[in-house]
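Enquirer: Sharing a structure below in structure tokens format, with a few things to ask.
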Amino acid sequence: MTTEGSTTAAPGWMGAEMAALRTAYQSNHLSHGLLIHEAPGAGGNWLAKWIAALVMCQNVAEAPCGRCPGCHRVATSQHPDLLVLQPEEESTQIKIEQIRALSEELGLTAHQGNYKVAVITPADTLNRFAANALLKTLEEPPARTLLMLVVTQPSRLPATILSRCQKVRIRAPARQEAVAWLQATRGPANWDVVLDTLGEAPMLAAEVDPKALMDIGSEVRRALDDAVAGRGDPVTTADRWSRSDLPLRLRCIENWLTDQIRAHSGSDSSFTKLGAGAHPPRGTPVLNMGYLFELMDAVRELKSSLDAPINKGLALEAVLRRFAR
Ligand SMILES: [Zn+2]
């Protein structure tokens, strides 16, 4: 979780959810288990931190006030009663030992005599054993405990966990809203192009260097256009990409595919044959729709196996070769 979260401008696209959560808290109806289901990069961690400040703020009537010591400690990630659980370094999963330690900690009295808050993020990285262990805490939480699970793919969690949490959905904001927020938070830049590259993921966009990202985005687009046209060298490209900014590049590839699929839907859907050698103008679909979806699956599969001990260069090379079918 980033520490700047709570000090940035409030994301307007979560306004309704924030108001509802505040009302629930002030009328004592806040559930002890919240499942924050976010569109990727739409701000699940930001909202979790805001909710932590809501329940730890010392000015209940205007919580989170942003001025009291409680709010300040949450904003700087130094609140002793705010626990954040993530996969440990070098790991892709949250393990049972971490959940056991968390449950033990939650069982102790709050340092500040108020709420104890745990944020599990991304909660879809809980492995099966950890999820089972968490279930016990969700079923019988100690008093004044708030557990928040931040996920992009709730279907990866057991139904028993899902059914014990109140769901909060964060959708991706409209483009205009995302750009306005990025400008207020990060200052002027060509945020439209950044979002074209990353997708509608403003919180992710806020963490990147717009210039560097745009360079990566245009490099990926150029390489894919080349690959489709039978040019370029997948071996060298895959080798280099697998060693620098690979997740970002895969995201760019997904966006390239999405653009192609969109262009297809907009055209008279007669499938265009792959033109050998001819370099098509940007936005003209050259791969047929079914094949584009196959490629999308291949890219997503690679994305989800990034943390597995596989040879990423070889795996990426195999995917890139399929663009030049
Ligand atoms: Zn406060």
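The values are calculated or read from the model by the stated rules, or taken from the named source; none is laboratory data. All values derive from a computational prediction rather than experimental measurement. Positions of Cβ are generated from backbone atoms using ideal geometry, with glycine treated the same way; all protein chains shown enter the neighbour counts. Please note that ligands, DNA and RNA were not included when accessible areas were found on the heavy atoms of the full protein model with its side chains. Shrake-Rupley method; radii C 1.70, N 1.55, O 1.52, S 1.80 Å.
Enquirer: Would you mind stating whether Ala16 is of a type in the set (A, V, I, L, M), open to solvent by 50 Å² or more (accessible area, probe 1.4 Å), assigned to a helix (DSSP H, G or I) and within 16 Å of the ligand (Cβ to nearest atom)?
Expert: Values: of a type in the set (A, V, I, L, M): yes; open to solvent by 50 Å² or more (accessible area, probe 1.4 Å): yes; assigned to a helix (DSSP H, G or I): yes; within 16 Å of the ligand (Cβ to nearest atom): no.
No; evaluated as a whole, the condition is false for this residue.
Enquirer: Kindly evaluate Ser31 against the criterion of being closer than 22 Å to Leu138 by Cβ, among the hydroxyl-bearing types (Ser, Thr, Tyr) and in contact with a strand residue (DSSP E or B) (Cβ under 9 Å, 6 or more places away or on another chain).
Expert: Working: closer than 22 Å to Leu138 by Cβ: yes; among the hydroxyl-bearing types (Ser, Thr, Tyr): yes; in contact with a strand residue (DSSP E or B) (Cβ under 9 Å, 6 or more places away or on another chain): yes.
The answer is yes for Ser31.
Enquirer: Do we have any residue at all in region 257-275 that's at pLDDT 80 or above and on the phi > 0 side of the Ramachandran plot?
Expert: Looking through region 257-275, none of the residues is at pLDDT 80 or above and on the phi > 0 side of the Ramachandran plot.
Enquirer: Just give me the residues in region 237-257 being more than 17 Å from Arg322 (Cβ to Cβ) and without any contact (Cβ under 8 Å) to a residue 40 or more places away in the chain, in sequence order.
Expert: Arg240, Ser244, Asp245
Enquirer: Look through Ala53, Ala48, Ala9 and report the one residue that is over 19 Å from Leu162 (Cβ atoms) and either at pLDDT 95 or above or within 11 Å of the ligand (Cβ to nearest atom) (or both). Quick ask: steps written out before the conclusion?
Expert: Values: Ala48 fails: over 19 Å from Leu162 (Cβ atoms); Ala9 fails: either at pLDDT 95 or above or within 11 Å of the ligand (Cβ to nearest atom) (or both).
Selected residue: Ala53, the only one of Ala53, Ala48, Ala9 that is over 19 Å from Leu162 (Cβ atoms) and either at pLDDT 95 or above or within 11 Å of the ligand (Cβ to nearest atom) (or both).
Enquirer: Within region 194-208, is there a residue that is more than 20 Å from the chain's Cα centre (by Cα) and acidic (Asp, Glu)? Write out each step before concluding.
Expert: First, the residues of region 194-208 that are more than 20 Å from the chain's Cα centre (by Cα): none.
No: zero hits.
Here's the yes/no breakdown for (1) within 16 Å of the ligand (Cβ to nearest atom); (2) over 26 Å from Ala42 (Cβ atoms):
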{"residue": "Cys65", "(1), (2)": "yes, no"}
{"residue": "Cys68", "(1), (2)": "yes, yes"}
{"residue": "Val84", "(1), (2)": "no, no"}
{"residue": "Glu88", "(1), (2)": "no, no"}
{"residue": "Gln93", "(1), (2)": "no, no"}
{"residue": "Leu138", "(1), (2)": "no, no"}
{"residue": "Met148", "(1), (2)": "no, no"}
{"residue": "Leu157", "(1), (2)": "no, no"}
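Enquirer: Also, quick follow-up: Pairs please, first residue from region 54-70 and among the polar types (S, T, N, Q), second anywhere and within 6 Å of the ligand (Cβ to nearest atom), Cβ atoms under 7 Å, 6+ apart in sequence or on different chains.
Expert: Short answer, once both residue conditions are applied: Gln58/Cys68; Gln58/Gly70; Asn59/Cys65; Asn59/Cys68.
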